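The values are calculated or read from the model by the stated rules, or taken from the named source; none is laboratory data. Not measured: the values here are computed from a predicted model. Ligands, DNA and RNA are excluded from the accessible area calculation, which covers all protein heavy atoms including side chains. Shrake-Rupley method; radii C 1.70, N 1.55, O 1.52, S 1.80 Å.
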Amino acid sequence: MEESLKHRTVKGTIWSSIERFSVQGILFIVTIIMARLLTPADYGLVGMLAIFIAVSQSLIDSGFSQALIRKQDRSEIDNSTVFYFNIVVGIILYIILYLCAPLIAKFYSEPKLVPITRLIGLNIIFNSLAVVQRALLTIRLDFKTQAKASLIGAIVSGIIGIIMAYTGFGVWAIVTQQIFNLALVTLFLWLLSHWKPILIYSWDSFRELFSFGSKLLGAGLLDTLYRNLYLIVIGKIFRASDLGYYTRAHQFSDFASSNVTSILQRVSYPVLCTIQNDDERLANVYRRMLRTSTFIIFPMMMLLAAVSRPLVLAFLTEKWLFASTLLIPLCFGAMWYPVHAINLNLLQVKGRSDLFLRLEIIKKCIGIMIICVTIPFGLLVMCWGTVVNSVVSLIINTYYTGKIINLGFLTQMRDILPILFLSLTVGAMVFLILNFVHMYSWLSLLVGIVIGIILYSVFAKILHFKEFSELIAIIHHK
């Protein structure tokens with residue numbers, strides 16, 4: 001049984017990684033090309049709308065995805081009930097966003113936002129059409145099918161976006177690329193998932209799923225509002241170009257941290273749900289996931305911070321250079337995201353969505369205070385504030401984990417401190433080398449990455465890190 005669970009976890013992780021990094025890799029390349037053709041202000045305009053789209057998506061899901069995944073005796077009635085609910089909510093939210101477009105434009109003093117809001121808002125409806133398909137594929141750990149749909153959407157929409165950016169469409173190139181991406185992904189999820197709703201809606205099913213999912217909805221909304229609060233504050237107080245710098249820096253830090261976090265959440269949640277009643281086994285599997293994930297993400301984020309300057313110069317050119325300064329603190333804050341994700345997944349697995357919501361309320365209140373304190377000191381200090389918030393959130397998250405399965409902050413820190421120290425050491429060494437030896441940006445970037453990987457691998461081997469041996473074994477066995 002243990003080997004079967006391990007095999008399913010490894011297989012799911014591999015395909016989820018392929019899906020996330022291949023798709024995000026393509027979108028990352030597309031964004032880099034488009035950023036060289038467009039301006040920071042173009043990306044700033046789209047960034048101003050991020051919170052409205054993100055909040056709408058949280059309302060559409062309403063925690064139903066997690067509720068479906070956690071429910072072991074789910075039925076077609078459950079699936080169809082969630083589907084029809086999402087469609088109705090999606091349409092209502094789009095109508096609200098359409099009508100509020102002039103108010104949003106007035107708030108930011110940007111008249112262009114009226115048509116942009118109304119067009120990009122179509123993503124809300126596309127997302128609502130695919131929530132159940134994604135949930136059912138995740139339950140089966142079928143990330144291969146999701147990878148196919150996402151890759152098609154990323155490639156086709158990327159080509160369209162680049163062509164439009166090259167031919168002078170400006171911000172509309174970004175809007176069109178995003179719409180085509182979600183529309184195509186939704187279409188192919190329908191074609192490849194082989195699930196279709198039946199003509200039935202059950203209020204009993206809705207109430208059962210919503211009783212669990214409603215707390216996750218509240219927590220998700222708080223998290224979405226907080227994460228996008230930076231975009232609102234920067235877009236309102238600073239220039240549109242400053243928001244453009246922040247969104248590009250955030251994209252670089254998110255490419256590693258958010259993708260690894262997403263992979264962990266998608267794989268660990270259905271896997272841990274299958275052993276939710278065995279606390280000892282749950283704790284053992286949890287600790288292995290924690291060590292393995294930090295062994296990967298910590299060095300990635302420290303290396304990214306070390307090569308931030310040549311990275312931005314090489315990919316985005318000198319007009320985006322300020323983004324490299326913002327990228328360093330964002331990396332230090334984002335490196336903890338996977339640890340947060342695993343801790344919060346555990347609360348959901350144990351059915352404690354009430355604690356999940358309570359945690360989010362506490363953390364977001366602290367986060368808002370940090371934003372208020374850092375705003376007068378400028379954009380860079382605001383980014384360093386995310387580091388403080390991430391560490392405080394870690395302490396709060398692990399407190400409840402310790403209560404549930406006796407894996408508190410100190411236990412988790414003992415597990416990952418050696419990995420943290422090694423990652424910080426290697427990152428500092430690469431940073432010093434690149435600052436003492438001046439090279440062209442592309443060469444500096446390549447040298448920094450190669451040196452970082454070699455140093456980390458050599459030290460991990462010498463110090464007998466178990467996670468290093470396990471990763472090598474997985475690679476050897478494909």
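Per atom type, the chain shows carbon and sulfur on 70% of its accessible surface, probed at 1.4 Å. On a 24 Å Cα-Cα criterion, which of the cross-link pairs LYS71/LYS196; LYS148/LYS461; LYS148/LYS196 come out too long? Long pairs (Cα-Cα over 24 Å): LYS148/LYS461. Ratio of Rg to Rh for the stretch 324-442, alpha carbon only, Kirkwood? Radius of gyration over Kirkwood radius for the stretch 324-442 works out to 1.06.
By a 1.4 Å probe calculation restricted to protein chains, ARG291 has an accessible surface near 50 Å², given to the nearest 10.
Over the chain, DSSP H runs of length four or greater, each weighted -39,500 (n - 2.57), average out per residue to a 222 nm ellipticity of -29500 deg cm²/dmol.
Taking only the Cα atoms of the chain, the ratio Rg/Rh comes out at 0.95, with Rh defined as the Kirkwood radius.
Return the subset of LYS112/LYS236; LYS112/LYS319; LYS364/LYS466; LYS364/LYS403 for which the Cα-Cα distance in this structure is over 27 Å, preserving the input order. Walk me through the numbers before you get to the answer.
Numbers: LYS112/LYS236 15 Å; LYS112/LYS319 23 Å; LYS364/LYS466 36 Å; LYS364/LYS403 21 Å.
In this structure, LYS364/LYS466 exceed 27 Å between Cα atoms.
Largest accessible area first, the listed residues TRP336, TRP384 line up as TRP384, TRP336 when surface is computed with a 1.4 Å probe on the assembled protein chains.
Once you have a ≥ b ≥ c as the square roots of the Cα gyration tensor eigenvalues for the stretch 103-194, tell me rounded if a/c is under 1.5, and otherwise prolate or oblate according to whether a/b is larger than b/c. Oblate. Given a 1.4 Å probe and the protein chains as shown, TYR98 ends up with an accessible area of around 90 Å².
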